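Peer 1: So that we are looking at the same thing, I have put the structure below in structure tokens.
What follows is calculated from the coordinates using simple rules that are stated; it is not laboratory data. Everything numeric in this text was worked out from a predicted model, so none of it was measured. Cβ sites come from the backbone with ideal geometry, for glycine too, and all protein chains shown count toward neighbours.
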Amino acid sequence: MKGSDCSKRAVGVAAANLVENGMTIGIGSGSTASCFIAALIKRVETEGLHFRAVATSLASHTQAQQGGIQVLDINEVKGLDLAIDGADEIDAYKQMVKGGGGALLREKIIASIAHEMVVIVDESKLVDHLGTFGLPLEILPFGFSHTLRAIEQKKFKVSLRVNGANKPLLTDNGNYIADISFSEPIEDPEPIDYTLLKIPGVLETGFFLGLAGRIFVGKTDGTIEIRP
Ligand code: 5RP
């Protein structure tokens, strides 16, 4: 974790306090979500908190399960009381970019079946306009070079995310991640999302629009702001 460890931990603890006995929740991915999972594990150990979870990534699944949380397959649940997850960027309209950790597709499915998606971020994620972080996309390996070309033909600058061995990074779903970079702030993400999702091979974008409920913002002074 980087400089804002303290805010991430504080926001993780605050979000863990939302979980009640008997709930079924979605747990996010990334360093902030990992703080949230750690805080949940502490509540399981100290209070005997009992709830069920589905995970947005194999890493979060493992962390939660090893900490004694009951983790279910998503198809075993009818819906979720809460999904709690981080974000890479969030604007004043609660529009987000996610997928820095490559888990965006599972994250979006889980957010979409939750009664509320609670977003946990530190102040560095708050932006006036989305775009500086770029936009991760999950794309199908089959025909990926054509998918990338189709994205470029729509005038986007795109690159395939690679691992340390310079091979395409594989998501937990066995797909690839492509990252779009923007030269200007995004005024309206909706038409961009629509354009990209129409390209065959683009499985999902990292735009999370109209999904966020409460936003928990961890401040550098250790306080937390809750945006309803
Ligand atoms: C993973 C995500 C994460 O929520 C996002 O990247 C934020 O991560 P972190 O809390 O480590 O900054 O979308 O796909």
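Peer 1: Could you put PHE208, PHE36 in order, starting from the residue whose Cβ has the fewest other Cβ atoms within 10 Å?
Peer 2: In order of increasing Cβ crowding within 10 Å: PHE208, PHE36.
Peer 1: Then there is this: Can you divide the C-alpha Rg of the chain by 2.2 N^0.38 Å and report the result to two decimal places?
Peer 2: Rounded to two decimals, the normalised Rg is 1.00.
Peer 1: Related question: Could the peptides 209-220, 165-176, 79-90 be put in order, highest first, of the mean number of other beta-carbon atoms found within 10 Å of their residues?
Peer 2: 79-90, 209-220, 165-176
Peer 1: Specify the residue with the greatest mean-square fluctuation among LYS94, LYS125, LYS154, computed from a Gaussian network of the chain linking alpha-carbon atoms under 10 Å apart.
Peer 2: Most flexible of the set in this elastic network: LYS154.
Peer 1: Would you mind getting the Kirkwood hydrodynamic radius of the stretch 135-203 from its Cα pairs, rounded to one decimal in Å?
Peer 2: 12.4
Peer 1: Mind checking the alpha-carbon convex hull of the stretch 179-228 and giving the volume per residue in Å³?
Peer 2: Once divided by residue count, the hull of the stretch 179-228 is 138 Å³.
Peer 1: I've got another one for you. Quick one: Karplus J couplings for the stretch 217-228, per residue in order, coefficients 6.51, -1.76, 1.60, θ = phi - 60°, nearest Hz, x for Gly and Pro?
Peer 2: Running phi through 6.51 cos²θ - 1.76 cosθ + 1.60 with θ = phi - 60° gives 10, x, 8, 5, 7, x, 7, 10, 9, 10, 9, x Hz.
Peer 1: Which FRET efficiency value, to the nearest 0.05, is calculated for SER181 and ILE109 with the Förster distance at 22 angstrom and r the Cβ-Cβ distance?
Peer 2: E between SER181 and ILE109, to the nearest 0.05, is 0.30.
Peer 1: Working out 0.36 nm times the residue gap between ASN21 and LYS198, then minus their Cα-Cα distance, what length gain in nm do you get to one decimal?
Peer 2: Result: 59.6 nm gained on full extension.
Peer 1: To continue, here is another question. Starting from the Cα of GLU190, step 7 Å along the direction of its Cβ; do the same at SER124; then give the gap between the two resulting points in nm.
Peer 2: 3.2
Peer 1: Would you mind getting me the FRET efficiency between HIS50 and GLU116? Use the beta-carbon distance for r and R0 = 25 Å, nearest 0.05.
Peer 2: Calculated value: 0.80.
Peer 1: Assuming R0 = 22 Å, what is the FRET efficiency of LYS157 and ALA92, from their Cβ-Cβ distance, to the nearest 0.05?
Peer 2: 0.25
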